[in-house]
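The values are calculated or read from the model by the stated rules, or taken from the named source; none is laboratory data. Here the structure is a predicted model, which means the values were calculated and not measured. All Cβ positions, even for glycine, are placed from backbone atoms using ideal geometry, and neighbour counts span all protein chains on display. Accessible surface areas use protein heavy atoms only, side chains included; no ligands, DNA or RNA. Shrake-Rupley method; radii C 1.70, N 1.55, O 1.52, S 1.80 Å.
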Amino acid sequence: MRKAFFIFLVIAFLFAEIILTFNETLGVLLYALLVGLILFDLEEYEHLIHSDKLLVFLAIVPIARIGEFFIDFNFFWKTAVFYFAISFLVIYYTRSLKINPGYKTGNLWFFPVSIIIGVFLSYIGSLYFDFGKHFELIFILPFIVFSEEILFRGMIQNYAKKSYGSLFAIITTSILFAIFSLSFGFKFLYFIFAANLIMCLIYDRTENILLTIPINLCINLFLFVSVLPIL
C-alpha cells in the first residue's frame with residue numbers, strides 16, 4: 001500500500017511540475033495538497049519505519065518549491081534560497097534521524113572514473129543544450145550539488161532501496177530527479193534521466209556519495225556555468 005502511495009506521489013509531482021510551466025498558482029496549490037497528503041498519512045505513525053522516512057524525504061523538494069513561489073528575487077538569489085531551504089531540511093533530517101548518506105572511504109579508486117564519466121556526460125549535454133552561462137552560480141555550485149546528491153541519492157534512493165529494493169530505487173530516484181528538472185524542457189528531462197540512471201547505479205553498487213558528487217558537479221559546471229568548450 002505504501003509503495004502504491006509512493007508511486008502515486010511521483011506521478012502527481014510530474015503533473016504538478018507540468019502545471020507549474022503554464023500556471024504557477026495551480027501548480028503550487030497542487031504541491032501544497034500533496035505535501036498535506038504526506039503529512040496526513042504520516043500522522044498516524046508514532047515510529048517512522050524506512051517507508052515512512054522515504055515519504056518525509058520525498059516532501060522536501062515540494063516544500064522548497066512552494067516557498068520559492070513566494071520569493072521575488074533575481075535568478076541567482078532565488079536559486080540560492082531554494083537550495084538553502086533544501087540543504088537545511090537535508091542536514092536536519094540526516095542528523096535527527098542519524099542517516100549516513102554515504103560518507104565512505106571505500107571504492108575511492110573509482111573517483112577518477114567518476115570525473116571522466118561526468119566530463120563525458122557534460123560533453124554529450126553540451127551538444128544538445130544551451131542554457132546560457134550563469135557565472136555567478138560558481139559561488140553556490142558546490143552547495144547545489146551537495147544538496148541534490150544528499151537528498152536524491154543519500155536519502156531518497158537509500159531508503160527506497162531499504163523499502164522496495166535496488167531496481168525500484170534506481171528507477172524512481174532517476175525519474176524524480178528528472179521531474180524536478182522539467183523547467184529546462186522535456187528534451188533535457190530525457191538527458192538528465194539517463195545521467196541519473198548512471199549515478200544511481202554507481203551509488204547502488206558503492207553506497208558512496210563521494211563518487212556521484214563529481215559527476216553532478218561536472219554536468220552543472222559545464223552546462224550552466226562554464227563557457228569553456230569541452231574538448
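Residue count for the range 76-98 satisfying the condition of being modelled with pLDDT of 90 or more, more than 15 Å from the chain's Cα centre (by Cα) and surrounded by 13 or more Cβ atoms within 10 Å (Cβ to Cβ): 2. Answer with yes or no whether GLY165 is of a type outside the set (A, V, I, L, M, F, W, C) and either out of contact with any helix residue (DSSP H, G or I) (no Cβ under 6 Å at 6 or more places or on another chain) or open to solvent by 30 Å² or more (accessible area, probe 1.4 Å) (or both). Here the answer is yes, as GLY165 does meet what is asked. Take the residues in the range 112-141 that are among the β-branched types (Val, Ile, Thr) and more than 21 Å from the chain's Cα centre (by Cα), then tell me which one is nearest to GLY185 (Cα to Cα). Looking at residues that are among the β-branched types (Val, Ile, Thr) and more than 21 Å from the chain's Cα centre (by Cα), I get ILE116.
Summed over the range 28-75, residues that are at pLDDT below 85 and of a type in the set (Phe, Trp, Tyr) total 5. Restricting ALA4, ALA59, ALA12 to residues that are under 19 Å from the mean Cα position of the chain (by Cα), closer than 26 Å to THR94 by Cα and free of Cβ contacts under 8 Å to residues at least 24 places away in the same chain narrows the list to ALA12.
Among the listed residues PHE193, PHE177, which satisfies the condition of being assigned to a helix (DSSP H, G or I), within 26 Å of VAL56 (Cβ to Cβ), at pLDDT 95 or above and open to solvent by 20 Å² or more (accessible area, probe 1.4 Å)?
It is PHE193.
Looking only at residues in the range 174-231 that are polar (S, T, N, Q) and out of contact with any Phe, Trp or Tyr (no Cβ under 7 Å at 6 or more places or on another chain), the one that is farthest from VAL28 (Cα to Cα) is ASN208.
Of all residues in the range 110-142, those being outside any loop (DSSP other than H, G, I, E, B) and either surrounded by 12 or more Cβ atoms within 10 Å (Cβ to Cβ) or hydroxyl-bearing (Ser, Thr, Tyr) (or both) number 22.
Kindly provide the set of residues from the range 39-67 that are open to solvent by less than 40 Å² (accessible area, probe 1.4 Å) and under 17 Å from SER183 (Cα atoms), ordered by number. Of everything in the range 39-67, those that are open to solvent by less than 40 Å² (accessible area, probe 1.4 Å) and under 17 Å from SER183 (Cα atoms) turn out to be VAL61, PRO62, ALA64, ILE66, GLY67. Pairing each residue of the range 71-90 that is polar (S, T, N, Q) with any residue that is assigned to a loop (DSSP other than H, G, I, E, B), provided the two are 6+ apart or on different chains, yields C-beta distances under 9 Å for THR79/PHE73; THR79/HIS134; THR79/ILE140.
PRO101 meets the conditions (1) modelled with pLDDT of 90 or more; (2) crowded, with 17+ Cβ neighbours inside 10 Å; (3) in a helix (DSSP H, G or I) in every case but one. The failed one is (3).
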